[in-house]
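What follows is calculated from the coordinates using simple rules that are stated; it is not laboratory data. Bear in mind that the values here come from a model prediction, so they are computed numbers and not experimental data. Note that each Cβ is placed from the backbone with ideal geometry, even for glycine, and that neighbours are counted across all protein chains shown.
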Amino acid sequence: MTRPVAAAPASVLDLAPVLPVVTVTDAADAVPLARALVAGGLPAIEVTLRTDAALEAIRAIAARVPEAVVGAGTVLAPGQVDAAVAAGARFLVSPGRTDRLLESMRASGVPFLPGVSTASEVMALLERGVREMKFFPAEAAGGVAYLRSLSAPLPAARFCPTGGIGPGSAPAYLALPNVGCVGGTWMLPAAAVAGRDWARVTRLAREAAALRGRP
């Protein structure tokens, strides 16, 4: 039986309340890890380009886990944009942005979330027609209070805050009108990944997927 392929995302922010941020050191773990996250209700998966295994992991997930929407994170340079999209990445996430990187991400044809941490950076991206952004590092840059303060003067901007967020703080972010989803790693504890305890990953993913609307 052929499994359905996840539709190309119009907006990464609307796929699930939590975007798992995954750092893969062994490409052999990529497929079972992705399947565990999807089974828990988190279809969007950001694989960071921080390891030598990252592109192979993206390639494997794209080919073998059609229910997943796999993207590349920690995108820092135009060459990484090309390599990630060639490997099968269906969205791109960067911790910040330069003009060259922004133009490369825009030209890639896939959704992208450039990183911001100040009102001026948000305004600069809005001027260029970019309305969806990563707010990073979320907790260190002002957290819920800062994003709440941006919502009135800059209502067109929507965010995926990432950095220091856990299951306890995520609901407060998700309750904000300008937050579509949050990024995090808590559903991927190091011990579970090292021990290939995919059932635990699925359980934590399911709890994360249920966070929206929780007080």
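Couple of notes before you dig in:
- In sequence order, calculated HN-Hα J values of the range 72-78 (Karplus, 6.51, -1.76, 1.60; Hz; x Gly/Pro): 10, x, 6, 7, 10, 8, x
- Karplus-based coupling profile of the range 42-54, in residue order and whole Hz: 10, x, 8, 9, 9, 9, 6, 8, 9, 10, 5, 8, 4, with θ = phi - 60° in 6.51 cos²θ - 1.76 cosθ + 1.60 and x standing for Gly or Pro.
- For the pair residue 197 and residue 146 in one chain, pulling the backbone fully straight at 0.36 nm per residue adds 14.7 nm over the alpha carbon distance.
- Largest-first principal axis extents, alpha carbons of the chain, Å: 48, 41, 30
- Multiplying the residue separation of residue 11 and residue 100 by 0.36 nm and subtracting their alpha-carbon distance yields 29.8 nm.
- Each of 151, 120 was scored by other Cβ atoms within 10 Å of its Cβ. Listed from fewest to most, they are 120, 151.
- Among 104, 173, 61 the positive-end extreme of the charge dipole of the chain (Cβ point charges): 173
- The H on the amide N of residue 184, modeled in the peptide plane, is under 5 Å from the matching H of 19, 21, each at least 5 residues off or on a different chain.
- GNM top mover of 109, 143, 180 - the chain, alpha-carbon springs below 10 Å: 109
- Distance between the range 92-155 and the range 18-85 - C-alpha centres, whole angstrom: 21 Å
- Distances between placed amide hydrogens fall under 5 Å for residue 158 paired with 132, 133, all partners being 5 or more residues away or on another chain.
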